[in-house]
Amino acid sequence: MKRRKSNWLEISEYLFLAASVAGTVAAALTRQIAYAAAPLTITLALNLDNTRRRVAQVEAEQQRLAMTQSHQLVEPLEEQIDGIETAAQALTARLEAETEEFRTAIAHLQKLVNPLGLQVEQLKAQTAEVDVRTQQQLRSFKEMQQQATEAIFAQVETYFARIKEHLAQLEILANQVSPETEQQIADLRQSLTQLRGAIAPLQTQATAESVDVTAAIAAQLPNALAPLQDQLNQLQALAQQQPAAITTQLRELRAALGRLQNGGHPEPMPATPVERRATLPVAIATPATTVPAQPLPNRATTPAPTATWHCARTLHEHTGSVNALALQAYGQMLVSGGNDKTIKLWQLTNGQVIRRFGEPNQATATRIDALAISPDGKLLASGGDDKAIQLWQLASGQRLEALVGHASSIKSLAFSPDGQFLASGSADKTVRLWRLSDRGESRVLSGHSDWFTGVKTIAFSPNGKLLASGSDDKTIKLWDLDSGECRLTLTGHMGAVNALTFADSQTLISGSDDNTIKLWRVDTGRMAATLHGHGSAVCAIAVSPGGNLMASGSWDSSIKLWELSSGRDLVALSGHSAAVVALAFAREAYRNGSGDGILVSGSSDNTLKVWQP
């Protein structure tokens with residue numbers, strides 16, 4: 001309809017335009033303006049109206065197009081909004097369901113926690129009771145300790161009285177023999193007075209502080225008794241030509257001194273249960289808890305060979321104490337180092353020195369306390385009191401690199417079984433792991449307490465998962481090498497831990513200043529056995545390649561061979577004149593069929609010895 005109206009207006013516009021032209025011609029002929037004005041006016045009006053209508057029509061068309069486009073854009077958005085609303089409703093329903101489950105779980109957890117809280121309270125009460133009992137036991141132990149100390153001093157006083165009686169009788173007899181005997185008895189009396197003067201301060205300290213001073217007595221007695229013993233020997237020589245009465249008195253006096261020298265009391269004190277250990281030249285028994293030796297679980301029980309071992313060769317090149325030694329995997333080469341600041345490479349088959357490591361003067365810059373050879377036999381690591389670890393090429397003797405990081409002397413070194421890491425124990429109380437691929441420090445393991453010379457010994461487990469460290473703080477720590485965390489701390493030794501080695505991946509062996517060797521289960525930390533036999537500190541331990549034998553070296557200068565399956569002491573090897581501080585089994589014989597190998601020992605007497613069955 002609008003289109004028809006628009007067409008009619010356009011036709012009218014054209015007709016009046018034609019009329020305007022005709023009117024203009026008529027006006028020009030007649031000279032009357034009215035003929036042209038009316039048609040022109042109507043034409044202009046129609047033109048304006050048509051123009052307005054066309055503009056409105058264009059605007060309407062544009063609005064229609066805009067609305068169409070808007071609908072096209074809005075429809076997908078509406079669909080998306082509908083999808084979002086649907087997802088939101090589903091999410092709301094899921095959250096409500098999970099919230100309900102969470103509330104149910106919390107309610108269940110509360111049911112579990114409430115009894116646990118009661119158990120915690122009960123545990124606190126039990127702990128308080130244990131604390132009270134512990135305090136009572138400590139007080140009781142101190143009282144028994146004081147009683148034991150007083151009993152020791154009373155026993156010493158008894159021996160003093162006996163000695164005085166014997167001296168008085170000797171003086172009577174001396175008037176009948178010779179002036180020399182009289183002078184010896186006077187000197188003996190003076191030494192006895194000095195002995196009383198040495199023990200008196202200890203008795204005062206024991207009374208004032210109520211502490212166990214038996215160790216201090218044991219330390220004082222040897223020096224104080226030495227002059228008495230010498231003078232008794234001289235008296236004995238004089239008495240050989242004298243009447244039997246003097247000889248009898250001297251024998252009784254020597255017996256009294258002997259009892260003093262054995263610790264101050266011949267019988268155990270009833271107040272304190274004690275266990276006698278292997279006796280030092282002067283020693284007083286101390287309380288100790290001992291786990292009896294027993295076969296280790298999951299170990300072969302094949303009896304160890306009982307062949308007689310002998311020293312096949314003694315190596316004399318060192319001019320100072322031999323502190324460390326290391327062997328190649330199959331025992332062809334031996335490396336040793338010590339206080340003379342030298343490192344020597346030996347050929348085991350003939351005992352000849354192949355090479356000396358170090359500067360042109362054949363000495364390193366430091367005392368050597370630790371040595372280790374890599375599993376592939378190519379690298380040698382050495383450490384001492386210069387705080388650095390030196391890496392050497394074993395074949396050529398060339399110094400490769402120094403690993404620096406420790407703040408004090410290096411006490412122990414060990415390569416991991418796969419040869420990727422080197423571990424070092426130091427007097428700075430830390431263990432450090434070094435990557436051999438780039439010579440970088442991998443990890444620092446801290447945990448041993450601040451105590452004297454720090455970490456003295458370290459050992460990798462055969463499977464390479466654990467590292468054990470022993471310290472002057474009397475503890476052993478087992479480190480998880482994957483996490484760097486301390487998995488277990490083993491306590492039980494009464495002295496510094498000097499030596500560690502693994503019998504297998506589940507069994508650790510330790511040697512200590514308390515004269516004992518202990519075997520531990522590394523999975524539980526339980527002490528499996530305690531072995532006694534040495535008369536002084538155990539400084540070194542080694543296990544034979546076949547796993548049947550264990551060797552231990554001690555400050556008493558002896559080496560003992562033990563059957564690992566039973567803990568039986570098989571044989572003692574003597575020959576060194578000072579402490580045995582390093583041991584290692586060579587594998588050469590093991591390759592030929594023997595399960596024992598060859599044993600090499602290093603000692604403070606400046607020698608190495610090669611032992612064979």
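Is it the case that residue 78 is of a type in the set (D, E, K, R), in a helix (DSSP H, G or I) and either modelled with pLDDT of 85 or more or open to solvent by 100 Å² or more (accessible area, probe 1.4 Å) (or both)?
No; evaluated as a whole, the condition is false for this residue.
Only one of 483, 469, 446 is over 29 Å from residue 613 (Cβ atoms) and at pLDDT 95 or above. Can you tell me which?
Answer to the selection: 469.
Tell me which of these residue 520 doesn't satisfy, since it passes every other one: (1) over 23 Å from residue 465 (Cα atoms); (2) surrounded by 20 or more Cβ atoms within 10 Å (Cβ to Cβ).
Of (1) over 23 Å from residue 465 (Cα atoms); (2) surrounded by 20 or more Cβ atoms within 10 Å (Cβ to Cβ), only one is false for residue 520: (1).
In a helix (DSSP H, G or I), modelled with pLDDT of 80 or more and among the β-branched types (Val, Ile, Thr): which single residue out of 104, 127 fits that description?
None of the others qualify; the one that does is 104.
Might you let me know whether the range 538-556 holds any residue that is among the aliphatic types (A, V, I, L, M), surrounded by 20 or more Cβ atoms within 10 Å (Cβ to Cβ) and assigned to a loop (DSSP other than H, G, I, E, B)?
Pass one, the range 538-556, residues among the aliphatic types (A, V, I, L, M): 538, 540-543, 549-551.
From what's left, surrounded by 20 or more Cβ atoms within 10 Å (Cβ to Cβ): 538, 540-543, 549-551.
Still in the running and assigned to a loop (DSSP other than H, G, I, E, B): none.
So far as the range 538-556 goes, no, none of its residues is among the aliphatic types (A, V, I, L, M), surrounded by 20 or more Cβ atoms within 10 Å (Cβ to Cβ) and assigned to a loop (DSSP other than H, G, I, E, B).
When you scan the range 60-73, do you find a residue that is open to solvent by less than 100 Å² (accessible area, probe 1.4 Å), within 30 Å of residue 15 (Cα to Cα) and modelled with pLDDT of 80 or more, even just one?
Applying the first criterion (open to solvent by less than 100 Å² (accessible area, probe 1.4 Å)) to the range 60-73 yields 60-61, 65-66, 68, 70.
Checking which are within 30 Å of residue 15 (Cα to Cα) leaves us with 60-61.
Now restrict to residues that are modelled with pLDDT of 80 or more: 60-61.
Yes: one or more hits.
Restricting attention to the range 423-457, which residues are more than 14 Å from the chain's Cα centre (by Cα) and within 17 Å of residue 370 (Cα to Cα)?
Listed by number, the residues that qualify are 434, 453.
Using the structure shown, decide if residue 374 is farther than 24 Å from residue 340 by Cβ, open to solvent by 20 Å² or more (accessible area, probe 1.4 Å) and either free of Cβ contacts under 8 Å to residues at least 12 places away in the same chain or hydroxyl-bearing (Ser, Thr, Tyr) (or both).
In short, no.
With respect to residue 513, determine if the residue is open to solvent by 20 Å² or more (accessible area, probe 1.4 Å), within 26 Å of residue 449 (Cα to Cα) and modelled with pLDDT under 95.
Values: open to solvent by 20 Å² or more (accessible area, probe 1.4 Å): yes; within 26 Å of residue 449 (Cα to Cα): yes; modelled with pLDDT under 95: yes.
Taking the combined requirement at face value, the residue satisfies it.
Give me the pairs: first residue in the range 40-62 and within 30 Å of residue 22 (Cβ to Cβ) and basic (Lys, Arg), second residue open to solvent by 80 Å² or more (accessible area, probe 1.4 Å) and assigned to a helix (DSSP H, G or I), beta-carbon distance under 9 Å, and six or more apart or on different chains, which are they?
Filtered contacts from the range 40-62: 53/2; 53/5.
Among the residues of the range 456-483, which ones are open to solvent by less than 40 Å² (accessible area, probe 1.4 Å), touching a residue at least 24 places away in the same chain (Cβ under 8 Å) and more than 16 Å from residue 429 (Cα to Cα)?
Of the residues in the range 456-483, the ones open to solvent by less than 40 Å² (accessible area, probe 1.4 Å) are 457-461, 464, 466-473, 475-481.
Cutting the leftovers down to touching a residue at least 24 places away in the same chain (Cβ under 8 Å) gives us 457-461, 464, 466-473, 475-479, 481.
460, 461, 464, 466, 481, listed by residue number.
Of the residues 407, 395, which is in a loop (DSSP other than H, G, I, E, B), free of Cβ contacts under 8 Å to residues at least 60 places away in the same chain, open to solvent by 60 Å² or more (accessible area, probe 1.4 Å) and in contact with a strand residue (DSSP E or B) (Cβ under 9 Å, 6 or more places away or on another chain)?
407
Take the residues in the range 310-357 that are outside any loop (DSSP other than H, G, I, E, B) and polar (S, T, N, Q); name whichever of them is most open to solvent (accessible area, probe 1.4 Å). Don't jump to the end; show me each part of the working.
So in the range 310-357, the residues outside any loop (DSSP other than H, G, I, E, B) come out as 310-315, 322-327, 333-338, 343-347, 352-357.
Retained after the next criterion (residues that are polar (S, T, N, Q)): 314, 323, 336, 347, 352.
Working: 314: 43, 323: 36, 336: 0, 347: 36, 352: 108 Å².
If we take residues in the range 310-357 being outside any loop (DSSP other than H, G, I, E, B) and polar (S, T, N, Q), then 352 is most open to solvent (accessible area, probe 1.4 Å).
For the range 428-489, give me every one of the strands (runs of 3 or more DSSP E) that falls completely inside it and has 3 or more residues that are within 20 Å of residue 539 (Cα to Cα).
455-460, 466-471, 475-480
Would you mention how many residues in the range 557-566 are surrounded by fewer than 22 Cβ atoms within 10 Å (Cβ to Cβ) and part of a strand (DSSP E or B)?
2
Looking at 37, 97, 28, 45, which is the one that is modelled with pLDDT of 80 or more and either in contact with a helix residue (DSSP H, G or I) (Cβ under 8 Å, 6 or more places away or on another chain) or not charged (D, E, K, R) (or both)? Before the answer, list the steps.
On the way: 37 fails: modelled with pLDDT of 80 or more; 28 fails: modelled with pLDDT of 80 or more; 45 fails: modelled with pLDDT of 80 or more.
Sole residue among the options that is modelled with pLDDT of 80 or more and either in contact with a helix residue (DSSP H, G or I) (Cβ under 8 Å, 6 or more places away or on another chain) or not charged (D, E, K, R) (or both): 97.
Using beta carbons and a limit of 8 Å, which pairs, at least six apart or on different chains, have the first residue in the range 104-121 and in contact (Cβ under 8 Å) with a residue 24 or more places away in the chain and among the acidic types (Asp, Glu) and the second one part of a helix (DSSP H, G or I) and open to solvent by 100 Å² or more (accessible area, probe 1.4 Å)?
From the range 104-121, no pairs qualify.
Take the range 416-436 and flag every residue that is open to solvent by less than 30 Å² (accessible area, probe 1.4 Å) and closer than 19 Å to residue 477 by Cβ.
416, 422, 423, 424, 425, 426, 427, 430, 431, 433, 434
So is residue 572 more than 20 Å from residue 320 (Cα to Cα), assigned to a strand (DSSP E or B) and open to solvent by 40 Å² or more (accessible area, probe 1.4 Å) or not?
Against the criterion (more than 20 Å from residue 320 (Cα to Cα), assigned to a strand (DSSP E or B) and open to solvent by 40 Å² or more (accessible area, probe 1.4 Å)), residue 572 qualifies.
The values are calculated or read from the model by the stated rules, or taken from the named source; none is laboratory data. Since this is a predicted model, take the numbers as computed values, not measurements. With ideal geometry, Cβ positions are generated from the backbone for all residues, glycine too; neighbour counts draw on all protein chains shown. Just so you know, the surface numbers come from the protein's heavy atoms only, side chains and all, with ligands and any DNA or RNA stripped out. Shrake-Rupley method; radii C 1.70, N 1.55, O 1.52, S 1.80 Å.
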